[in-house]
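One structure is given here, and the rest of the page talks about it.
The values are calculated or read from the model by the stated rules, or taken from the named source; none is laboratory data. These numbers come from a predicted model, not from an experiment. Please note: Cβ atoms are built from the backbone with ideal geometry, for glycine as well, and neighbour counts cover all protein chains shown.
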Amino acid sequence: MNLRDLHYLVALAEHRHFGRAAEASFVSQPTLSTQIKKLEDELGVPLVERTPRKVLLTETGREIARRARGVLAEINEIKAIAQRTRDPESGTLRLGIFPTLGPYLLPHLVPLVRERYPRLELLLREEKTEQIIKLLREGSLDAGMLALPLHEDSLHAEFLFEEPFVLAVPERHPLAHHHGRLKLADLEDQNLLLLEDGHCLRDQALEVCQLAGASEKSGFRATSLETLRQMVAANVGITLLPTLAIKPPVPRTDNVHLLEFAGHPPSRRIALVWRKSSSVGAFLTRFAEVIRSLPPELLKPEGQAAATHDKHDKHDKHDKAVHPAP
C-alpha cells in the first residue's frame, strides 16, 4: 500500500466515477482502475461496487477512504511543517471564505496580502460555513474566514472585525423617508427578504428580526446577496446588507436606499479559524494581523448610506419644485 493508492481511493469516493476520479488524479482511467484493484487484492476485501452507471464504495471502502483522508491530511501537515520551517511566509495557504463575505472583502484583502507576503500562494475556496468547517476538519483547508460564534472544539478562532448591517429599502418605501438613524424598533412588523438555508447571514438576519419584532417575507428566499439587492430594487421588499457589500468597488444600485442603525447596530463578527493542531498556527496569527490592518473606514457604512440620504433629499426637493404644495 502506498500514498498514491490512497489518493486514488479518496478521489473515487469523492467522484463516484472512474473517469472523473482518474481525471482529478491526472492519470488514465485504466491506471486508476488497476491500482484500486491491486489495493483490494492487498487488503483482501472489496472496496468498490462496480455498476454499469456509477461506482459505489462498499461500507469497508467508505471507512477506509475516510481514514485515508486523515492520513493524507497528516502527510500534508508534515510537508507544511517542513515548508514553514524553510520559509514561513512562502508556500501555499488554502483559505475558505463564505459567499456573503468573499466577493466584498477579497478586493481589499488580496492586494494587502500580496504586498505583505509576495511569495505566498493564496488558494481561495468559496463555500458555505458548514462546508468550510468540514474541509477544515478533513485538512483540505488551512484556514477559513467565518462568522462567530462557532461551536467547534477542534478549531481555534482569531477575531478579526465586526461588520455592521444596514437596511436596504426601495426609494419609495415608507422607511426611506425616515430621518436620522434607525432603531431596531423601527423594523417592528416589517417583512424582510432573506437568504436560503445554509447561509450564516440568514441566521444573523433572523436573529435581528426576532429582536426587532420583524419577520421573514414568505414565498421567497435568495441564493445570494446580489439577488437580495436586485429584489429590493424591484420593489419586492427590504433586506439587511453587510457594510462591505455596499462599499466600492460594489456599484450603487438604483432604487436602493440605505439606512444606518443608531447606537450599536446589528452586525456580524468575523474570525479567522484554523485547526488547533495546525502546524502553521503561528503564521496564521500573523496573517490575521494583516487582515486587521484593513482601513477601518471599510467597516463604517456612513459614506454610502449618507450618499443615498443625499440622493433621496435631492429627489424630495425636485418633487417639491415640480409639484408645489397646494
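For Gly144, indicate whether it is surrounded by 15 or more Cβ atoms within 10 Å (Cβ to Cβ), modelled with pLDDT under 90 and not assigned by TED's automatic domain parsing to the domain that holds Arg229.
Answer is no for this residue.
Exactly one condition in (1) under 30 Å from Ser278 (Cα atoms); (2) surrounded by 17 or more Cβ atoms within 10 Å (Cβ to Cβ) is not met by Arg114; state its number.
(2)
With Arg62, Arg16, Arg69 as the choices, which residue is under 30 Å from Phe287 (Cα atoms), not small (Gly, Ala, Ser) and not assigned by TED's automatic domain parsing to the domain that holds Arg275?
Values: Arg62 fails: under 30 Å from Phe287 (Cα atoms); Arg16 fails: under 30 Å from Phe287 (Cα atoms).
Exactly one of Arg62, Arg16, Arg69 is under 30 Å from Phe287 (Cα atoms), not small (Gly, Ala, Ser) and not assigned by TED's automatic domain parsing to the domain that holds Arg275, namely Arg69.
From the list Arg50, Arg69, exactly one residue is among the basic types (Lys, Arg), over 30 Å from Leu109 (Cα atoms) and more than 34 Å from the chain's Cα centre (by Cα). Which is it?
Working: Arg69 fails: more than 34 Å from the chain's Cα centre (by Cα).
The unique qualifying residue is Arg50.
Find the residue count for the range 75-107, including only residues that are at pLDDT 95 or above, touching a Lys or Arg at 6+ places or on another chain (Cβ under 8 Å) and either assigned to a helix (DSSP H, G or I) or surrounded by fewer than 15 Cβ atoms within 10 Å (Cβ to Cβ) (or both).
1
Tell me, please, whether a residue that is in contact with a Lys or Arg (Cβ under 7 Å, 6 or more places away or on another chain) and either within 27 Å of Ser140 (Cβ to Cβ) or at pLDDT below 95 (or both) can be found in the range 306-316.
No.
Please verify whether Leu150 is at negative phi, assigned to a loop (DSSP other than H, G, I, E, B) and surrounded by 20 or more Cβ atoms within 10 Å (Cβ to Cβ), treating the condition exactly as stated.
No, not satisfied.
How many residues does the range 245-283 hold that are of a type in the set (Asp, Glu) and either surrounded by fewer than 12 Cβ atoms within 10 Å (Cβ to Cβ) or on the phi > 0 side of the Ramachandran plot (or both)?
1
Any idea which residue in the range 153-172 is farthest from Ala245 (Cα to Cα), counting only those that are touching a helix residue (DSSP H, G or I) at 6+ places or on another chain (Cβ under 9 Å) and outside any strand (DSSP E or B)?
Ser154
Just one of (1) farther than 16 Å from Val166 by Cβ; (2) not in a loop (DSSP other than H, G, I, E, B) trips up Val236, so point out which.
Only one criterion is unmet by Val236, namely (2).
Kindly indicate whether Ala282 is touching a residue at least 60 places away in the same chain (Cβ under 8 Å), over 22 Å from Leu184 (Cβ atoms) and not in a helix (DSSP H, G or I).
no
Test Leu123 against the stated conditions and say whether it is under 30 Å from Val236 (Cα atoms) and aliphatic (A, V, I, L, M).
no
Being assigned to a strand (DSSP E or B) and of a type in the set (D, E, K, R) is the filter; apply it to the range 120-141 and report the residue that is modelled with the lowest pLDDT.
Of all residues in the range 120-141, those assigned to a strand (DSSP E or B) come to 120-126.
Cutting the leftovers down to of a type in the set (D, E, K, R) gives us 121, 125-126.
Numbers: Glu121: 89, Arg125: 97, Glu126: 96.
Here the residue is Glu121.
Does His179 meet the test of being more than 19 Å from the chain's Cα centre (by Cα), assigned to a loop (DSSP other than H, G, I, E, B) and either farther than 20 Å from Glu126 by Cβ or at pLDDT below 90 (or both)?
yes
Exactly one of these conditions fails for Leu194: (1) within 17 Å of the chain's Cα centre (by Cα); (2) at pLDDT below 90; (3) on the phi < 0 side of the Ramachandran plot. Give me its number.
Tallying (1) within 17 Å of the chain's Cα centre (by Cα); (2) at pLDDT below 90; (3) on the phi < 0 side of the Ramachandran plot, Leu194 fails exactly one: (2).
Just for the range 157-176: of the residues that are among the hydrophobic types (A, V, I, L, M, F, W, C) and more than 29 Å from the chain's Cα centre (by Cα), which one is surrounded by the most Cβ atoms within 10 Å (Cβ to Cβ)?
Of the residues in the range 157-176, the ones among the hydrophobic types (A, V, I, L, M, F, W, C) are 157, 159-161, 165-169, 175-176.
Subset that is more than 29 Å from the chain's Cα centre (by Cα): 175-176.
Working: Leu175: 15, Ala176: 20.
Selected residue: Ala176.
Need pairs with beta-carbon distance below 8 Å; first residue in contact (Cβ under 8 Å) with a residue 40 or more places away in the chain and within the range 44-59, second part of a strand (DSSP E or B) and surrounded by 10 or more Cβ atoms within 10 Å (Cβ to Cβ); sequence gap 6+ or separate chains.
Pairs found: Val55/Val48; Val55/Glu49; Leu56/Val48; Leu56/Glu49; Leu57/Val48; Leu57/Glu49.
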